[in-house]
Amino acid sequence: MAVWDDLVGQTRVEEQLAAAARDADALVTAHAAGEPDPEASKMTHAWLFTGPPGSGRATAARAFAAALQCVSPDRALGGAPGCGFCDGCHTTLVGTHADVEIIRTDLLSIGVKETRALVRRAQLSPAGGRWQVIVLEDADRLTEGAGNVLLKAIEEPAPRTVWLLCAPSLEDVLPTIRSRCRHLTLRTPSVEAVADVLMRRDGVDPEMARTAARATQGHIDRARRLATDERARARRAVVLKLPLRVDDVGGCLRAAQELVDAAAEDAKQAAEEIDVKETDELKAALGAAQGGRMPRGTAGAMKELEERQKRRRTRTQRDSLDLALTDLTGFYRDVLALQLRSRSALANTDVRDALERIAGATTPERTLRRIEAILACREALDRNVSPLLAVEAMTMALRG
């Protein structure tokens with residue numbers, strides 16, 4: 001299985017990355033033999049992967065990192081890098097390669113301190129691999145100061161260092177950074193391609209695979225979660241019932257409270273196990289006594305950890321709410337398709353009765369205003385508005 005097999009519906013991107021991996025392999029081979037660099041190389045030292053959520057930006061970056069580290073003997077016989085089986089490919093894909101650093105954040109932003117540590121790492125020569133590769137999966141979460149720190153490293157990269165940045169769009173990255181990167185755009189995979197992946201690689205029942213792929217409109221990770229997690233399906237079912245519950249002010253406020261409480265519960269469940277483990281590990285590292293008493297001078301470290309955990313819970317709650325709002329947007333998109341008699345396939349066929357009920361009781365103009373209210377709620381959450389206030393404003397706008 002080649003490293004590119006996890007890319008779904010990205011043929012053009014796969015071809016460009018495979019060509020760059022061959023050029024990178026030729027560069028390293030030429031250096032090892034003491035030969036001059038090959039001319040007209042397609043290999044560059046900074047890449048920017050953009051595309052909508054679920055398109056596989058991080059998957060493409062990790063696959064490219066694996067191809068850069070490929071040590072398959074078949075390369076000497078004309079084989080392409082990225083076999084997927086050699087030690088370089090395998091350790092990169094599972095996240096244990098010594099020369100591949102994969103950065104993904106569960107916080108709201110990536111600060112200057114973390115970025116400076118990455119820049120120092122990028123200046124090192126490969127310890128055993130062919131390249132020093134830094135994969136930054138959330139480049140859109142860099143603060144302005146962190147982006148300026150990163151800019152210097154991209155402007156003057158070490159000879160054997162490659163930066164792979166991922167972001168939803170070009171506008172999410174500083175202009176000075178994106179102008180120094182080679183840009184690749186990924187597209188949303190087709191529903192059929194996602195369903196095929198779920199059946200072939202995850203062993204999902206064909207009907208469930210098609211339903212999940214259709215409901216998530218080609219978002220690979222969400223489709224896999226929906227197809228394999230009963231709790232995710234139950235949570236989606238609750239969200240899709242919300243349009244039928246906002247007939248009066250009381251219903252709007254109750255629906256908003258339940259939506260926010262569900263997101264907070266998701267964040268709590270996700271954080272509990274991780275927080276306890278992190279706290280215990282830090283206490284052990286700081287030399288806490290058996291009774292739990294901390295040595296003098298360690299309060300600052302514990303406070304820093306608590307603040308980080310709090311920011312992570314906030315991010316998790318926002319992500320959970322955003323997922324619910326995405327499902328809600330898909331519901332009204334289907335309502336609009338029915339009202340306009342569009343030939344577009346419906347995403348939420350499992351709640352068709354509710355779709356037809358809403359579609360028959362209102363107008364396309366009203367449906368568009370409801371979609372705008374959901375988008376306004378997402379923007380408010382991005383601006384740190386209180387989740388309950390933002391969701392209450394939305395549900396009141398959705399009221400029939």
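Some points to look at:
- Scope the range 10-33; condition open to solvent by 10 Å² or more (accessible area, probe 1.4 Å), under 22 Å from the mean Cα position of the chain (by Cα) and of a type in the set (Val, Ile, Thr); matching residues: 11
- Among (1) at pLDDT below 90; (2) in contact with a Lys or Arg (Cβ under 7 Å, 6 or more places away or on another chain); (3) not hydroxyl-bearing (Ser, Thr, Tyr), the one test that residue 122 misses: (2)
- Here is the figure for the range 155-167: residues that are closer than 19 Å to residue 89 by Cα and either of a type in the set (Lys, Arg) or in a helix (DSSP H, G or I) (or both) total 1.
- Residue list for the range 220-267, filter: over 20 Å from the mean Cα position of the chain (by Cα), of a type in the set (Val, Ile, Thr), more than 19 Å from residue 351 (Cα to Cα) and buried (at least 20 other Cβ atoms within 10 Å of the Cβ): 260
- When the range 153-189 is filtered for residues that are open to solvent by 50 Å² or more (accessible area, probe 1.4 Å) and touching a Phe, Trp or Tyr at 6+ places or on another chain (Cβ under 6 Å), the ones remaining, listed by number, are 160, 182.
- Test: residue in the range 268-285 that is under 26 Å from residue 390 (Cα atoms), in contact with a helix residue (DSSP H, G or I) (Cβ under 7 Å, 6 or more places away or on another chain), surrounded by fewer than 21 Cβ atoms within 10 Å (Cβ to Cβ) and at pLDDT below 90: yes
- Residue count for the range 218-260 satisfying the condition of being aliphatic (A, V, I, L, M) and within 18 Å of residue 390 (Cβ to Cβ): 9.
- Tallying residues that are assigned to a loop (DSSP other than H, G, I, E, B), touching a residue at least 24 places away in the same chain (Cβ under 8 Å) and either crowded, with 17+ Cβ neighbours inside 10 Å or among the aromatic types (Phe, Trp, Tyr) (or both) within the range 54-106 yields 14.
- Some residue of the range 126-137 being among the small types (Gly, Ala, Ser), open to solvent by 50 Å² or more (accessible area, probe 1.4 Å) and in contact with a strand residue (DSSP E or B) (Cβ under 8 Å, 6 or more places away or on another chain): no
So that you can scan it fast, the table gives a plain yes or no per residue for (1) in a helix (DSSP H, G or I); (2) under 22 Å from residue 353 (Cβ atoms); (3) free of Cβ contacts under 8 Å to residues at least 24 places away in the same chain; (4) touching a Pro at 6+ places or on another chain (Cβ under 8 Å):
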position: 217; (1), (2), (3), (4): no, yes, no, no
position: 225; (1), (2), (3), (4): yes, no, yes, no
position: 233; (1), (2), (3), (4): yes, yes, yes, no
position: 239; (1), (2), (3), (4): yes, yes, no, no
position: 243; (1), (2), (3), (4): yes, yes, no, no
position: 247; (1), (2), (3), (4): no, yes, no, no
position: 254; (1), (2), (3), (4): yes, no, yes, no
position: 257; (1), (2), (3), (4): yes, no, no, no
position: 262; (1), (2), (3), (4): yes, no, no, no
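- Checked against the criteria, residue 47 counts as of a type in the set (Phe, Trp, Tyr), out of contact with any helix residue (DSSP H, G or I) (no Cβ under 6 Å at 6 or more places or on another chain) and closer than 14 Å to residue 161 by Cα.
- Sole exception among (1) open to solvent by 10 Å² or more (accessible area, probe 1.4 Å); (2) assigned to a helix (DSSP H, G or I) for residue 209, by number: (1)
- The one condition in (1) at pLDDT below 90; (2) farther than 27 Å from residue 12 by Cβ; (3) not β-branched (Val, Ile, Thr) that residue 132 fails to fulfil: (1)
- Count - residues of the range 133-154 that are outside any helix (DSSP H, G or I) and among the β-branched types (Val, Ile, Thr): 4
- Residues that are of a type outside the set (S, T, N, Q), closer than 30 Å to residue 87 by Cα and under 20 Å from the mean Cα position of the chain (by Cα) within the range 112-149 comprise 114, 118, 133, 134, 135, 136, 137, 138, 139, listed in sequence order.
- Members of the range 331-383 found to be farther than 15 Å from residue 398 by Cβ, in contact (Cβ under 8 Å) with a residue 60 or more places away in the chain, open to solvent by 30 Å² or more (accessible area, probe 1.4 Å) and not aliphatic (A, V, I, L, M), listed by number: 349, 350
- Considering residues of the range 190-206 that are open to solvent by 60 Å² or more (accessible area, probe 1.4 Å) and outside any helix (DSSP H, G or I) only, the residue nearest to residue 28 (Cα to Cα): 203
- Test: residue in the range 41-49 that is over 22 Å from the mean Cα position of the chain (by Cα), assigned to a loop (DSSP other than H, G, I, E, B) and more than 26 Å from residue 155 (Cα to Cα): no
- Among the residues making up the range 34-51, none is among the hydrophobic types (A, V, I, L, M, F, W, C), at pLDDT 85 or above and open to solvent by 40 Å² or more (accessible area, probe 1.4 Å).
The values are calculated or read from the model by the stated rules, or taken from the named source; none is laboratory data. In this text, all values refer to a predicted model and were calculated from it rather than measured experimentally. Using ideal geometry, Cβ is built from the backbone for each residue, glycine included, and neighbour counts are taken over all protein chains shown. These area figures cover heavy atoms from the full protein model, side chains too; ligands, DNA and RNA do not enter into them. Shrake-Rupley method; radii C 1.70, N 1.55, O 1.52, S 1.80 Å.
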